[in-house]
Each structure stands twice: as structure tokens, then as C-alpha cells.
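So the structure is just underneath, and the comments pick up after that.
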Amino acid sequence: MVAPTRDRGQVILIGAIVIAFVILGTVVAFNGLVQTEEASSSATSQSVTHATVAESELQQGLQNLAAHDVQRAGGWEAIIDDERVSTALRDDSEWEDAGRSLGELHGNLTRSERVAVTDIRVHHAGGDERLEAIYGERNPPGHEDILERSATDGSRVLSLNLTGWTPNMDGELVIRETNGQTTHVEIESGSDPTPVTINSTSDRFAGERSCEADAVDLVTGTIENAAGSCDEMAIVDSSREYEYIESREGNGQFTYDLVAIGDVVGEDDGVSASVTVTYTYHSNDLRAERTTTVDLYGDLE
């Protein structure tokens, strides 16, 4: 009776060993699968990160070129004085050339990193994204917009320069942001049209701001020939979005220059304010065609 008991014990021991090896093999296989998935996920995540960085570099490259164009021309005031928005800034075909040049440069810089950006195509985004300008315009009589009202996207104002006046003039500008905040600018001249007195009140700042001068840019705050002390007159923020700018009825007229990304009433000049960039990104782990829209001038001071 002893022998069968010993045999049964050996069978049980062998079975336990087999089961242990099966369990061990399963654990090892599972751990390998998890590590493979984690490595694959990490590689994919890293590729997506590289693609995002590459796109950001392309955007910044185009925006830096736009900023360089404005600086090379002497800034918005010089561009307005010379009435040359369309000659100082790039047109669509020049942006296409710039995109190809940036693509070649980026490809040379990233080739050693085993990533590349190729097949770059830059083209006008279409729609209302235009930078428009008007020079030396007299404000219209009555309640009339000089920056068109937008039912959808707001406009960004890059320069609003009040430059000239008729004698014994009084007028008003109403500047309304898309968030509802409103700024009022009252303009008065005497029998001698210069200097002019400009008074402003706003939801954005307390009290009243005043200045007596020959000309004032309400975006940059630049003042020409101040007759005395002037308050800070940079009351229009180029980073904010505006619903409209309206000229209210008064006596006489004032003269203004306006540059905005939006619909300037009676524009004299304009260029594309944004471009669409399509390109192919490829690396060892990822290949994809991507599209992005670049705001060229919106962040410029």
C-alpha cells in the first residue's frame, strides 16, 4: 500500500512544477507585451511631440519674417506715412517663396535628428483675414463706421492715427470691443486747427485722459508736437478684438490713418494677414500631412 501513495505524491509534485512553469511563462510573456506596448506608446508620443515642435518652429519662422518686414520699413508709422502697406509687406507669392526657403532650412537642421519637414506649401487662407489700411481719410459725416462691424470675429487695430482737423471742429469716435467694453474719444479744435484737444473716457480705465497736440496715435500712444503735458494716449490695444469703430456726427472733420486686421471702410491698400501652411512631417515612427494657419501680424506691437 505504500508504493501507490509514493507514486501519487510524485504525480502531484510533477503537476505542481508544470503549473508553476506555465504561470511563470505567462507572467514573463505578459510583462514583455506590456513593455512592448509602453515602448511603442512612448515612441509614438515622442514623434507627436516632435511634430508639434516642428509646426511651432514653422509658425514662428513666418511670424519672425513678418515682424522683420515691419521693422525694416520703420514701423507702422513709417509705413502709413509712405502709404505703402502692399509694397512694404509680402504678398501671397512672396510668402510662398518664404515658406519653401524655411522648409529647406528646417530640413537641413533636422536631418541629423532623423525627422524632416518636406513638401511645404504656403497659400492665402481666404476669408476676411486681411490687413487693410486707409491713409489721410476725412471722417464721414453722421454716424458712420470707419472699421466695419463684424457679426462673427472681431478686428485687431494696429494703428489709429488722428492727424489733421478743420477749424472749430468737434467730433467723436466710439470704439467698441467684442466683449462690450467701450471707449469714447472726443476731438475739439479752435479757430486755429492745431493743436487739437483729445479727451477720452473708457470702460478700460478710470477717469479721463486728455492731450493737446498736432497728432496722436491711439494705438502706439505717439504724440506729435504736444502743447503741454499729455496723459498716456495708447488707449486702443492691438492685442484686443474690436467689434467696430464709429465716427459720430459733429461740426467739421478730422483726418485719420487706420491699419487693422479686419474690414477697413474704404480701404486704400491691403495684404493677407494670415496664411495656410500644409506640409509633410516624417520620422522613423510617424509620417503625416499636416495643415496649420499662421497669424502673421496679430502679435506685433
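The values are calculated or read from the model by the stated rules, or taken from the named source; none is laboratory data. All of these numbers come straight from a predicted model, not from anything done at the bench. Counting neighbours? That spans all protein chains shown, and the Cβs are built from the backbone with ideal geometry, glycine included.
Quick notes on this one:
- Exclusive hit being farther than 22 Å from Asp263 by Cβ and either touching a residue at least 60 places away in the same chain (Cβ under 8 Å) or not in a loop (DSSP other than H, G, I, E, B) (or both), set Thr194, Thr201, Thr183: Thr201
- Condition check for Glu137: of a type outside the set (A, V, I, L, M, F, W, C), part of a helix (DSSP H, G or I), at pLDDT 85 or above and over 19 Å from the mean Cα position of the chain (by Cα): no
- Taking the range 197-206 as the range and being surrounded by fewer than 16 Cβ atoms within 10 Å (Cβ to Cβ) and either touching a helix residue (DSSP H, G or I) at 6+ places or on another chain (Cβ under 7 Å) or of a type in the set (Gly, Ala, Ser) (or both) as the test, only Ala206 passes.
- Residue list for the range 185-219, restricted to those being of a type outside the set (Ser, Thr, Tyr) and under 27 Å from the mean Cα position of the chain (by Cα): Asp203, Arg204, Phe205, Val216, Asp217, Leu218, Val219
- Condition check for Ile175: more than 18 Å from Asp231 (Cα to Cα) and either touching a strand residue (DSSP E or B) at 6+ places or on another chain (Cβ under 8 Å) or part of a strand (DSSP E or B) (or both): yes
- Qualifying residue in the range 237-254 (condition: of a type in the set (Ser, Thr, Tyr) and assigned to a loop (DSSP other than H, G, I, E, B)): yes
- Checked against (1) polar (S, T, N, Q); (2) more than 27 Å from Leu102 (Cβ to Cβ); (3) surrounded by fewer than 18 Cβ atoms within 10 Å (Cβ to Cβ); (4) more than 29 Å from the chain's Cα centre (by Cα), Thr222 passes all but condition (4).
- Close pairs (6 angstrom Cβ cut-off, 6 or more residues apart or separate chains): outside any strand (DSSP E or B) in the range 286-298, modelled with pLDDT under 80 anywhere: Leu286/Ser47
- Only one of Ser93, Ser86 that is under 30 Å from Ile223 (Cβ atoms) and in a helix (DSSP H, G or I): Ser86
- Out of Ser229, Ser247, Ser238, one residue alone is under 24 Å from the mean Cα position of the chain (by Cα) and small (Gly, Ala, Ser). It is Ser238.
- Scanning the range 184-196 for residues that are crowded, with 16+ Cβ neighbours inside 10 Å and among the hydroxyl-bearing types (Ser, Thr, Tyr) yields Ser189, Thr194.
- Filtered by the rule that a residue be aliphatic (A, V, I, L, M) and crowded, with 19+ Cβ neighbours inside 10 Å, the range 170-183 gives Leu173, Ile175.
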